[in-house]
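Student: Please see the structure below; I have some questions.
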Amino acid sequence: MNEKQLLIIEDEKPIAEILSYGFKKEGFSVRCAYTGAGGLSSAMEIHPDLVLLDWMLPDLSGVDVCRILTERFNIPIIMLTARSSMEDKLYGLETGADDYITKPFDLREVIARAKTILRRYEKAGTQPGNDSPDLIRSGHLVISRAEWTVEKDGIRIDLTPREFELLLFLAGNPRQVFTRAQLLDRIWGYDFEGDTRTVDIHIQRLRKKLDLTNSLITVFGVGYKYEPQKEN
Ligand code: CA
């Protein structure tokens, strides 16, 4: 197995050191940055496989760093935060973070979640023979799993990794109804601690970004389905 490259962006050095120690022991190659700007330039340089990102940094906010990273790279991001309210959780997820870990954390749990996310990315990104086709053409949309891109009428639309996975899954299984809980398990993973509103928020954002009100259908009392549209 290739050595995974981890980038830790965390201004509290003792925390960065604990994380670095734990992940190195698991065979990761680790780079630490202690500011948001330093983290961004490290990301450009090393193209990490995974980022652990602190919410409160001295220069930029972790949320801004997260947004910039997800715009430029398709890499999973786990946010570390001392805040724990659900609103903050959802806000973090909307910026494109894949997971959320509240301080103080259990190092083993951070490592376990990191591995889960990496496995999911590998599965979604590269391996053939998954349950969605590599290229989905549906109405005005072209969804490419190989390139992780979505085009609407030939124009590329930026989605967060989660939005993309959700769209790919629903459009890859057209007309099938999935409950919010099924979608949470499928896209976010069993160990995700958020609630089903997370799914609703992502559906709403997909509808808005891609003008999919007629395709991403709410099945009242059950969940959601994707209804393919004919091009007109
Ligand atoms: Ca901090």
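Student: Pairs under 6 Å by beta carbon, first residue more than 16 Å from the ligand (Cβ to nearest atom) in the stretch 45-57, partner in a loop (DSSP other than H, G, I, E, B), six or more apart or different chains?
Tutor: 49/4; 50/76
Student: Output the number of residues of the stretch 20-63 satisfying the condition of being within 17 Å of the chain's Cα centre (by Cα) and open to solvent by 60 Å² or more (accessible area, probe 1.4 Å).
Tutor: 1
Student: Okay, moving on. Hey, among 162, 175, which residue is loosely packed, with under 14 Cβ neighbours inside 10 Å, within 19 Å of residue 210 (Cα to Cα), in contact (Cβ under 8 Å) with a residue 24 or more places away in the chain and of a type in the set (D, E, K, R)?
Tutor: Residue meeting the stated conditions: 175.
Student: Answer with yes or no whether residue 204 is closer than 29 Å to residue 153 by Cα and either open to solvent by 10 Å² or more (accessible area, probe 1.4 Å) or modelled with pLDDT under 85 (or both).
Tutor: Yes; evaluated as a whole, the condition is true for this residue.
Student: I would also like to ask the following. If I filter the stretch 127-136 for residues that are among the charged types (D, E, K, R) and modelled with pLDDT under 85, do I get at least one hit?
Tutor: Within the stretch 127-136, one or more residues are among the charged types (D, E, K, R) and modelled with pLDDT under 85.
Student: Hey, any hits in the stretch 6-14 for a residue that's touching a strand residue (DSSP E or B) at 6+ places or on another chain (Cβ under 7 Å) and away from the ligand (no atom under 12 Å from the Cβ)?
Tutor: Within the stretch 6-14, one or more residues are touching a strand residue (DSSP E or B) at 6+ places or on another chain (Cβ under 7 Å) and away from the ligand (no atom under 12 Å from the Cβ).
The values are calculated or read from the model by the stated rules, or taken from the named source; none is laboratory data. Computed from a prediction, not measured in an experiment: that's the story for all the values here. Note that each Cβ is placed from the backbone with ideal geometry, even for glycine, and that neighbours are counted across all protein chains shown. These accessible areas exclude ligands, DNA and RNA; they are computed on the full protein's heavy atoms, side chains included. Shrake-Rupley method; radii C 1.70, N 1.55, O 1.52, S 1.80 Å.
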